[in-house]
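For reference, the structure discussed in these notes is given below.
The values are calculated or read from the model by the stated rules, or taken from the named source; none is laboratory data. Note that this is a predicted model, so its numbers are computed, not measured. All Cβ positions, glycine included, derive from the backbone under ideal geometry; neighbour counts span all protein chains shown.
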Amino acid sequence: MFLPNVCLRITEEQVSQTQTRLTAEDLLRLPTGNGKRYELLDGELIEMAAAGYRHGKDALRIGAIIRNFVVSHHLGDVVAAETGFTLRRNPDHVRAPDVAFIAAGRLPPGPDPVGFAEIAPDFVVEVVSPGDTATEIQERIDDWLRAGVKVVWAAYSVLKAVVVWRGVGNAERRAGDEEIDAEPAIPGFRCKVSDLFED
């Protein structure tokens, strides 16, 4: 889809009328504030349901625990939900995890990107919502791992459990007072799974 430089936004109607694959830049031009979230999968716009209350609380809590450790050890950046990452181009593939960590020095020098970062994070957390299917969850995890993410957590609020992925087909489940880590993405980070979720 051709968009002149003067065009700042595209509408959902324009998106639905085009058969052309969208780009990460097109995704950035979509209107915000309408309660909708989107990702771009191989140029196809995918609408996602707004996160539920419990989902939001758990994502924030997990992100805060990770950020506190990362900041205190000067390890890099932690970003919150809705932060998009362009994982590949032509066709463009943009995913937005609930929490992501990027190691110090991996982002280009200078100001932080205004748009989507053109880099895969080192570590990602996906908080699983009740409406997520097993297939959708696995596709997200596999996408992250294929893009070069070292560790992916799939956090299940209802079960108070986390499945840790360190490669395609390499998963381990942690729950309750078991310790969890994010090695090798976040060296030294450890906590109990029970600390990640509210009672």
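Could you go through region 175-195 and let me know if any residue there is part of a loop (DSSP other than H, G, I, E, B) and at positive phi. Checked against the condition, which is being part of a loop (DSSP other than H, G, I, E, B) and at positive phi, region 175-195 yields at least one hit. Of all residues in region 39-55, those being more than 17 Å from ILE137 (Cα to Cα) and surrounded by 15 or more Cβ atoms within 10 Å (Cβ to Cβ) number 3.
Under the condition of being surrounded by 19 or more Cβ atoms within 10 Å (Cβ to Cβ) and of a type outside the set (Val, Ile, Thr), which residue from region 56-76 is farthest from LYS192 (Cα to Cα)?
To start, the set of residues in region 56-76 that are surrounded by 19 or more Cβ atoms within 10 Å (Cβ to Cβ) comprises 58-59, 62-63, 66, 70, 75-76.
Remaining after also requiring of a type outside the set (Val, Ile, Thr): 58-59, 63, 75-76.
Working: ASP58: 14, ALA59: 16, GLY63: 14, LEU75: 21, GLY76: 22 Å.
Only one residue fits best here, namely GLY76.
Reported count of residues in region 174-183, each being exposed (fewer than 14 other Cβ atoms within 10 Å of the Cβ) and not small (Gly, Ala, Ser), is 3. Take ARG89 and decide whether it is under 21 Å from LEU145 (Cβ atoms), surrounded by fewer than 17 Cβ atoms within 10 Å (Cβ to Cβ) and either in contact with a Gly (Cβ under 8 Å, 6 or more places away or on another chain) or charged (D, E, K, R) (or both). The answer is yes for ARG89.
ASP142 - would you say it is of a type in the set (Asp, Glu) and surrounded by 12 or more Cβ atoms within 10 Å (Cβ to Cβ)?
Details: of a type in the set (Asp, Glu): yes; surrounded by 12 or more Cβ atoms within 10 Å (Cβ to Cβ): yes.
Yes, satisfied.
Among the criteria (1) free of Cβ contacts under 8 Å to residues at least 60 places away in the same chain; (2) closer than 25 Å to SER194 by Cα; (3) of a type outside the set (Lys, Arg); (4) surrounded by 14 or more Cβ atoms within 10 Å (Cβ to Cβ), the one ALA120 does not fulfil is (2). Is it the case that LEU28 is surrounded by 14 or more Cβ atoms within 10 Å (Cβ to Cβ), aliphatic (A, V, I, L, M) and either modelled with pLDDT under 90 or assigned to a strand (DSSP E or B) (or both)? Yes: the conditions hold for LEU28.
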